[in-house]
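I have placed the structure first, in the form of structure tokens, so that the comments after it can refer back to it.
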Amino acid sequence: MEQDGSTLKPSGIRGDKDASGVERVPGLLRLFAPGKALAVALPLRGGELELGRGSPALGEAQDPRMSRRHARIRFDGRRFWVTDLGSQNGTFVDGEPVPAETPREAQRVIRMGDSLFVPCADVNPLEQQGVVTRNGFVRGPALQTLLEEVARAARLGFPLHIHGESGTGKEGVARAFHENGPRSAGPFVAVNCAAIPQTIAERLLFGARKGAYSGAEADAQGYLQAADGGTLFLDEVVELDLSVQAKLLRALETKEVLSLGAAKPKTVDILICSASNKDLRGLVASGKLREDLYFRIGRPEVTIPPLRQRPEELALLIQREVQQVAPELGLHISLVEACLLRPWPGNVRELLVETRSAIQAALMQGAQRVEARHLSPSAGTAFSAAPPPLPAPEERVLPREAPSRARPIEADERARIEEALRQQGGNVAATARALGMHRTQLRRLLERHEIAIPAGNELE
């Protein structure tokens, strides 16, 4: 990890190569040591690594709750296997204890003592780039690489489109685009197009002259004029009406803005950055985005990876939030482990909101540290419809001769479970965590409603 100028770059063995020709290094990401978040790469030399108290691989951040020979991790080219070596405090894989001398596949997180590790098919990016904290923002290798691409586009004066799930930090990337561009000294104007009522979108974007409509008692500057000499960031630009898209395209191509009620256009000099969590080409095909506007703003494009693909940032984000909100509180390993086990569909935004809620719960309970018990059970899990209310007691009594029948499962609920199973490779325990339910509950649903496990996978 690089923070305030320091960088950790341990060495490791090399395996196969990625798409860019760089050799992959399988290993572990150590994300938590006793009471402290970190981001350290532990390569698996020879495809295997034994960890315990005093292991050189752990460096200075030793863990007194680990046994001297705690566990062995092995990578077989496809999967990571964890074997507890008879440790005193046990080894936990994906939230469950591992019997001694019994290999268990690890997919999400490994806990030994007060340390957390995440299996990773390639720790080379973390070895080479570390995790940096700049201006209060945590940036892992994936974001660093993306921001370098963003900076190149900005310096060349290109427009930029940012694609990413909700909460991944699209506006932060847009600000980096502005700061690295030729108009960084000018204004940065961020516009949430999804929040603009269609009836006034044209007036807000392009401005209006006095008397242009009833109630226009003075000239009103639009967003494009406000961004003159700087950068205009159009978040969810695809939400604009097609007629407004046409006028926006003309303004971008001519660099002239004609306000409502104006006789002459005004020249503007702006750099355009747009963003969406939707696929632009699909929207063009469905007629919701003008093809000519797509070719004006849709390239180059960068995609922000979701938080679940950037685990090296998660513990540091949580620790930073605790230090900012309640520095007197400690950070317990259980909270970080629980967060690593959840998919966080709302990404960084959701993680920070739920972390603040957990901090508030800890403060209200008079706790000295923030733990998993302070985290909402639904935090970081997929949204689902509320369960139907329980029937009255008399309605729940079945006739003595009637057979017991399961309530039919809704089609969308079945689809949600099947998709989660597919994403988790058929692992029921991991799927249950992603859905925010206990694995026993999920197993009963699968059996009751005859939902098939993907071929080649077991229930566990």
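The values are calculated or read from the model by the stated rules, or taken from the named source; none is laboratory data. As the structure is a prediction and not an experimental result, all values here were calculated from the model. Neighbour counts run over all protein chains shown; Cβ positions are idealised from the backbone, glycine included.
The rows are residues; the columns are (1) at pLDDT 90 or above; (2) closer than 20 Å to residue 188 by Cα; (3) part of a loop (DSSP other than H, G, I, E, B).
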{"position": "211", "(1), (2), (3)": "no, no, yes"}
{"position": "214", "(1), (2), (3)": "no, no, yes"}
{"position": "229", "(1), (2), (3)": "yes, yes, yes"}
{"position": "232", "(1), (2), (3)": "yes, yes, no"}
{"position": "269", "(1), (2), (3)": "yes, yes, yes"}
{"position": "275", "(1), (2), (3)": "yes, yes, no"}
{"position": "282", "(1), (2), (3)": "yes, no, no"}
{"position": "292", "(1), (2), (3)": "yes, no, no"}
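Looking only at the stretch 56-100, count how many residues are in a loop (DSSP other than H, G, I, E, B) and under 24 Å from residue 38 (Cβ atoms).
Of the residues in that region, 20 qualify.
Only residues that are in a loop (DSSP other than H, G, I, E, B) and over 18 Å from the mean Cα position of the chain (by Cα) were counted in the stretch 101-129, giving 8.
Considering the stretch 352-375, the residues that are under 18 Å from the mean Cα position of the chain (by Cα) and surrounded by fewer than 16 Cβ atoms within 10 Å (Cβ to Cβ) include one that is farthest from residue 415 (Cα to Cα), namely 356.
Going through (1) closer than 30 Å to residue 35 by Cβ; (2) part of a loop (DSSP other than H, G, I, E, B) one by one, residue 339 falls short only on (2). Please go through the stretch 130-146 and give me each residue that is buried (at least 22 other Cβ atoms within 10 Å of the Cβ) and either assigned to a helix (DSSP H, G or I) or of a type in the set (Asp, Glu) (or both), ordered by number. 141, 143 - these are the residues of the stretch 130-146 that are buried (at least 22 other Cβ atoms within 10 Å of the Cβ) and either assigned to a helix (DSSP H, G or I) or of a type in the set (Asp, Glu) (or both).
Just wondering, is there one or more residues in the stretch 118-136 that are without any contact (Cβ under 8 Å) to a residue 40 or more places away in the chain and of a type in the set (A, V, I, L, M, F, W, C)? No: zero hits.
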